[in-house]
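Notes for the one structure printed next.
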Amino acid sequence: MAPVQKTISPRAWAELLMLSLIWGASFLSIRIALDEIGPLTAVAHRTGWAMVILWTYVLVRRLSAPTDLRVWGAFLVMGLLNNVIPFSLMAWGQLHIETGLTSILNAATAIFGVIAAAIFFADERLTARKAVGVTLGFIGVSTAIGLAAFKDFDIRSLGQLAVIGGTISYALAGVWARKKLGHLKPQVAAVGMLTGASLMTIPAAWFVEGPISLSLQPQTWAAISYYAIVATAIAYMLYYRVLAMAGSGNLMLCTLLVAPVAIVLGAVVLGEALPLRAYIGFGILALGLLVLDGRLFKTVQHRKRRT
């Protein structure tokens, strides 16, 4: 008997959208921080402060931390795959390639995530509907940002390779999280992952970029506060909740929504104009998400059978 396939409930969709809103704003905050601090130091601030916040939460709530060394080993691997590698590669890549191209490449996480989940999990197989939906979503993101961004794409560029490496690492992290950490409470899984990441990022930043300074400009602290507290501590509690509800492949779909959120925030906060291609791209993306969800098409088919 074939296993029941993972689907995305309305609640999971709502939390995926929330993740996208949170992470869509993180691009701007990270870029602001990079004006004063190095990429590794930016990552160390991100994982370190988020770890402190989540440990405070776990202790106040009196949640039990795991004592099994195998679980702590899994935390280290998860911290490497989901924080150290992608945060560092993408922060460095943002210094060397266009923001639009970075967003497109980041959206490819959804493609890698769906493929990786299909390889490792019987209940997340790659159906024709899922493949079509993800492809439409990626085309929508690319259209909204502007297909002209692809003219700058050069597989030999280290900056672009760095971002692609980060997206693959994110996809593998989703698989690892479901296999090794799916039994834990979201808060515990998040704090364990960030502890593992901090044990690597803080020494690495100190060794490569020098002592981590706390004497920073107010705008840098504001940026760090956002991406450490909101886009990391809070976001990763949502991450593990959605993982439990929808599976690793479906979880990665949030990256399709991150770029449009960033575009809309640019228009609302910075007064940037929304070109026609943005609306067209949003429409294609919405169609892709409807295909992935499947409920609308099932309702139409059901009504046709009744008539």
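Every number in this text was worked out from the coordinates using simple rules, so none of it is lab data. Keep in mind that this is a model prediction, so the values were computed, not measured. Because the Cβ atoms are built from the backbone with ideal geometry, glycine has one as well, and the counts that use them run over all protein chains shown.
The table below gives the values:
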quantity: Inverse of mean 1/r across different Cα pairs in the chain, Kirkwood, Å; calculated: 19.9 Å
quantity: Label-reachable residues, the stretch 52-76, where backbone N falls under 20 Å from a point 7 Å from Trp206's Cα toward its Cβ; calculated: 52-53, 55, 76
quantity: Arg277 versus Thr135: modelled label distance in nm, points set 7 Å from Cα along the beta carbon direction; calculated: 2.2 nm
quantity: Cα-based Kirkwood hydrodynamic radius, the stretch 45-96, one decimal, Å; calculated: 12.8 Å
quantity: Across Lys130/Lys179; Lys130/Lys151; Lys6/Lys185, pairs whose alpha-carbon gap is larger than 23 Å; calculated: Lys130/Lys151
quantity: Packing-based ranking, highest mean first, of 163-171, 52-60, 190-198 given that Cβ atoms within 10 Å are counted; calculated: 190-198, 163-171, 52-60
quantity: The stretch 56-191: C-alpha pair distances exceeding 21 Å, %; calculated: 53 percent
quantity: Modelled FRET efficiency - R0 45 Å, Ala14 with Leu214, Cβ distances, 0.05 increments; calculated: 0.75
quantity: Charge dipole (the chain, unit charges on Cβ, about Cα centre) - positive-most of Asn82, His183, Ile263; calculated: His183
quantity: Whole-number percent relative contact order across the stretch 10-306, with pairs defined as alpha carbons under 8 Å at least 6 apart; calculated: 40 percent
quantity: Shape category assigned to the stretch 111-209 from the gyration tensor of Cα positions, a/c cut at 1.5; calculated: oblate
quantity: Overall form of the stretch 1-87 per C-alpha gyration tensor (a/c, 1.5; a/b vs b/c); calculated: oblate
quantity: FRET E, pair Glu36, Tyr57, Förster distance 30 Å, beta-carbon r, rounded to 0.05; calculated: 0.60
quantity: Theoretical FRET efficiency, 1/(1+(r/R0)^6), r = Cβ-Cβ of Arg125 and Leu287, R0 22 Å, to 0.05; calculated: 0.50
quantity: CD proxy at 222 nm, helix term only [per DSSP H run n ≥ 4: -39500 (n - 2.57); per residue of the chain; nearest 500]; calculated: -23000 deg cm²/dmol
